[in-house]
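Shown next, in structure tokens, is the structure this report addresses.
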Amino acid sequence: MNAEIATEFDTEGVQKNFMFVNRKAPYGSIYALEALEMVLISAAFEQNAVIAFIDDGVYQIVKGQDTKAAGMKNFSPTFGVIEMEKEDADEDPDIDMVWRIVVERDSMEQRGLTAEDFSIAVEVLDSAELADLMNAQDVVLSA
Amino acid sequence: MKFGVMVNEGPFTHQASDTAYRFTKAAVEGGHQVPRVFFYFDGVNNGNKLSEPQADDRNLVKLWGELAAAHGIDLVICVAAALRRGMKDEILAEGFRISGLGQLVELGLATDRTVVFGD
């Protein structure tokens, strides 16, 4: 006998802390692009979000990306949309969510990058700080 | 406990789907709830009914559908990821449905833990 399947859950008024962990370089695989789509949808739900870049994921937000020769869509401008979502959330008292954009320091430095190399404003955190932040989350989605 | 499960890799090419299936099965058989499994990235290929593994191997597409029917699990394929990969209603296996990424956020909100299986 088949069990009944619920396709809607009551989440009215529930707010949680989401972290999106971006670990992969932007164009070698589809992870970065589809992870970005995941982040954008969470804004519509007014959830707290930390968008973290670690390992090769730090390359996703490097300035001046040009994908023409590779024939692929340059989705790096969309990170600017995330930055705008964050600014809106910070400034508009009617938007009840907090967004943070963070980069792990070792990942950045090991690749010869500084915060000035990124197209958006980020908080640079040590791995221990990032670990604490990760522990404080309700939902961690990683790709 | 209530678990939300996310599967980010396709069947057969990667262990993630097998491990997610076994986790989900163990959870529901152990008295926990898994109201929904959300399939994203290449994970959407888990819902392809045209998949035909060799007869002496496990058939993950079928296993997911059977587990869902037995325990009332909502198997959701992300529409954006599915369209990119040619996964459409016409080839959707029994027990699966196609919907939006909002279903993933909702799953995170409705469960105690979200467990991600991927690379």
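Values in this text are rule-based calculations from the coordinates and carry no lab data. Just so it is clear, the structure is predicted and the values come from calculations on it, not from any experiment. Reconstructed Cβ throughout: ideal geometry from the backbone, glycine too, with neighbour counts over all protein chains shown.
Pull out all pairs, ordered by first then second residue, where Cβ-Cβ is under 9 Å, the residues are six or more apart or on different chains, the first lies in segment B:3-26 and is in a loop (DSSP other than H, G, I, E, B), and the second is β-branched (Val, Ile, Thr) and surrounded by fewer than 22 Cβ atoms within 10 Å (Cβ to Cβ). Note: pairs meeting the criteria are B:8/B:116.
Determine whether segment A:41-48 contains at least one residue that is surrounded by fewer than 17 Cβ atoms within 10 Å (Cβ to Cβ), among the polar types (S, T, N, Q) and over 22 Å from residue B:43 (Cβ atoms). Scanning segment A:41-48, I find no residue that is surrounded by fewer than 17 Cβ atoms within 10 Å (Cβ to Cβ), among the polar types (S, T, N, Q) and over 22 Å from residue B:43 (Cβ atoms), so the answer is no. When restricted to residues that are in contact (Cβ under 8 Å) with a residue 40 or more places away in the chain and of a type in the set (A, V, I, L, M, F, W, C), segment A:1-53 contains 17. Going through (1) touching a Phe, Trp or Tyr at 6+ places or on another chain (Cβ under 8 Å); (2) over 22 Å from residue A:32 (Cα atoms); (3) without any contact (Cβ under 8 Å) to a residue 60 or more places away in the chain one by one, residue B:35 falls short only on (3). With the condition kept exactly as written, say whether any residue in segment A:12-19 is on the phi > 0 side of the Ramachandran plot, assigned to a loop (DSSP other than H, G, I, E, B) and more than 7 Å from chain B (Cβ to nearest Cβ). Checked segment A:12-19: at least one residue is on the phi > 0 side of the Ramachandran plot, assigned to a loop (DSSP other than H, G, I, E, B) and more than 7 Å from chain B (Cβ to nearest Cβ).
Taking the conditions exactly as written (among the acidic types (Asp, Glu), in contact (Cβ under 8 Å) with a residue 12 or more places away in the chain, away from chain B (no Cβ under 11 Å) and not in a strand (DSSP E or B)), does residue A:56 satisfy them or not? Against the criterion (among the acidic types (Asp, Glu), in contact (Cβ under 8 Å) with a residue 12 or more places away in the chain, away from chain B (no Cβ under 11 Å) and not in a strand (DSSP E or B)), residue A:56 qualifies. Here segment A:97-143 is the region considered, the condition is being surrounded by 15 or more Cβ atoms within 10 Å (Cβ to Cβ) and in a loop (DSSP other than H, G, I, E, B), and the residue that is farthest from the chain's Cα centre (by Cα) is A:113.
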